[in-house]
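J.: Here's a structure for you.
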Amino acid sequence: MKHTRRLATRAFRADQREFVAEGPQAVREALATEHATLEVFATVAATEQHVDLVEAARRAEIAWHVVTDDVVEAIADTVQPQGVVARCAMLDRPLAAMLDRSPGFVVVCADIRDPGNAGAVIRCADAAGADGVVFVGDSVDPYNPKSVRATVGSIFHLPIAIERDVETSLASLQSAGLTVLAADGNGDVGLFDADLDLSVPVAWLMGNEAWGLPDDVRALADHVVAVPIFGRAESLNLATAAAVCLYATARVRHN
């Protein structure tokens, strides 16, 4: 239990290659993913309420520890936890492994700092049918407890890659045949312009919440795409802009 509690820190997560998934939905998805769940901690009430999770853990031969409310509160990141948490193995792989699967649609997060945004982008990418999410540069850890909660289980559904070098990562995507589209307020093409081809393999590049994409990173993209704003809003936040771009791509691909 002490080991699991220490996974609240990024350094310990990285050293152990483990993280915590909190809440019944996240634990359900973790148990449904092969080799993802290491053990589960649950209160008496949660154990009685979520019989399906107990049975899933039993079938997978994963330890289910019935513990006091205080133990779950100590392990969980939220003030009022939902009674069940899982210690999980990290699932990310190098970008090269993602590219070996010939993805047609991915999203790249460059230097994003808010864990809620990171989780929301993963969840939206999952919903839009993307083939993976790549975190590059000084981005927040996608295994941050707040990020994991914001994915609502989607972190277990699609490939995740974490790479330090932005330029090398974008070059690898382009070499694999993906067109890198940088989402920015001042683009050379609009999201709904007829000459923007979203039917080809694309990698959407999303920048930092506060300052967006630096000029040197923008220059690495094949196109800079502006999301049009028809009302009086100054801008869109990162998660919303990502959702709009990803669903515009999904609409073309599914049609």
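The values are calculated or read from the model by the stated rules, or taken from the named source; none is laboratory data. Quick caveat: nothing in here was measured; it's all calculated off a predicted structure. Here the Cβ is made from the backbone with ideal geometry for all residues, glycine too, and neighbour counts use every protein chain on show. We work out accessible area using only protein heavy atoms, side chains counted, and drop any ligands, DNA or RNA first. Shrake-Rupley method; radii C 1.70, N 1.55, O 1.52, S 1.80 Å.
J.: Given the options 97, 74, name the one that is outside any loop (DSSP other than H, G, I, E, B), out of contact with any Phe, Trp or Tyr (no Cβ under 9 Å at 6 or more places or on another chain) and farther than 30 Å from residue 245 by Cα.
T.: 74 is the lone residue from the list that is outside any loop (DSSP other than H, G, I, E, B), out of contact with any Phe, Trp or Tyr (no Cβ under 9 Å at 6 or more places or on another chain) and farther than 30 Å from residue 245 by Cα.
J.: Could you count how many residues in segment 104-127 are more than 22 Å from residue 218 (Cβ to Cβ) and in contact with a strand residue (DSSP E or B) (Cβ under 6 Å, 6 or more places away or on another chain)?
T.: Residues that pass the stated criteria total 1.
J.: I've got another one for you. Among the residues of segment 1-14, count how many are assigned to a helix (DSSP H, G or I) and open to solvent by less than 20 Å² (accessible area, probe 1.4 Å). Working first, answer last.
T.: Of segment 1-14, the ones assigned to a helix (DSSP H, G or I) are 2-6, 10-14.
Narrowing further to those that are open to solvent by less than 20 Å² (accessible area, probe 1.4 Å): 4, 13.
Here the count works out to 2.
J.: Right, here's the next one. Would you call residue 225 in contact with a Cys (Cβ under 8 Å, 6 or more places away or on another chain), in contact (Cβ under 8 Å) with a residue 24 or more places away in the chain and surrounded by 14 or more Cβ atoms within 10 Å (Cβ to Cβ)?
T.: Yes.
J.: Starting from residues that are farther than 19 Å from residue 214 by Cα and assigned to a helix (DSSP H, G or I), keep the ones in segment 152-172 and report whichever is most open to solvent (accessible area, probe 1.4 Å).
T.: Among them, the one singled out is 172.
J.: Just need a number here: residues in segment 224-237 that are under 19 Å from residue 180 (Cβ atoms) and touching a strand residue (DSSP E or B) at 6+ places or on another chain (Cβ under 6 Å).
T.: Counting residues in segment 224-237 that are under 19 Å from residue 180 (Cβ atoms) and touching a strand residue (DSSP E or B) at 6+ places or on another chain (Cβ under 6 Å) gives 3.
J.: Any residue in segment 48-64 that's of a type in the set (Gly, Ala, Ser): show its pairings with residues that are part of a loop (DSSP other than H, G, I, E, B) and modelled with pLDDT of 95 or more at Cβ separation under 8 Å, as long as the two are six or more apart or on different chains.
T.: 56/32
J.: So, one more: Given the criterion closer than 17 Å to residue 138 by Cβ, open to solvent by 10 Å² or more (accessible area, probe 1.4 Å), small (Gly, Ala, Ser) and not in a helix (DSSP H, G or I), identify the matching residue among 210, 194.
T.: On the way: 194 fails: closer than 17 Å to residue 138 by Cβ.
After ruling out the rest, the residue left standing is 210.
J.: Are any residues in segment 78-113 closer than 24 Å to residue 146 by Cβ and either free of Cβ contacts under 8 Å to residues at least 12 places away in the same chain or open to solvent by 70 Å² or more (accessible area, probe 1.4 Å) (or both), and if so, which ones?
T.: Answer for segment 78-113, where residues must be closer than 24 Å to residue 146 by Cβ and either free of Cβ contacts under 8 Å to residues at least 12 places away in the same chain or open to solvent by 70 Å² or more (accessible area, probe 1.4 Å) (or both): 79, 80, 82, 93, 113.
J.: In segment 140-151, is there at least one residue being more than 19 Å from residue 237 (Cβ to Cβ) and over 10 Å from the mean Cα position of the chain (by Cα)?
T.: yes
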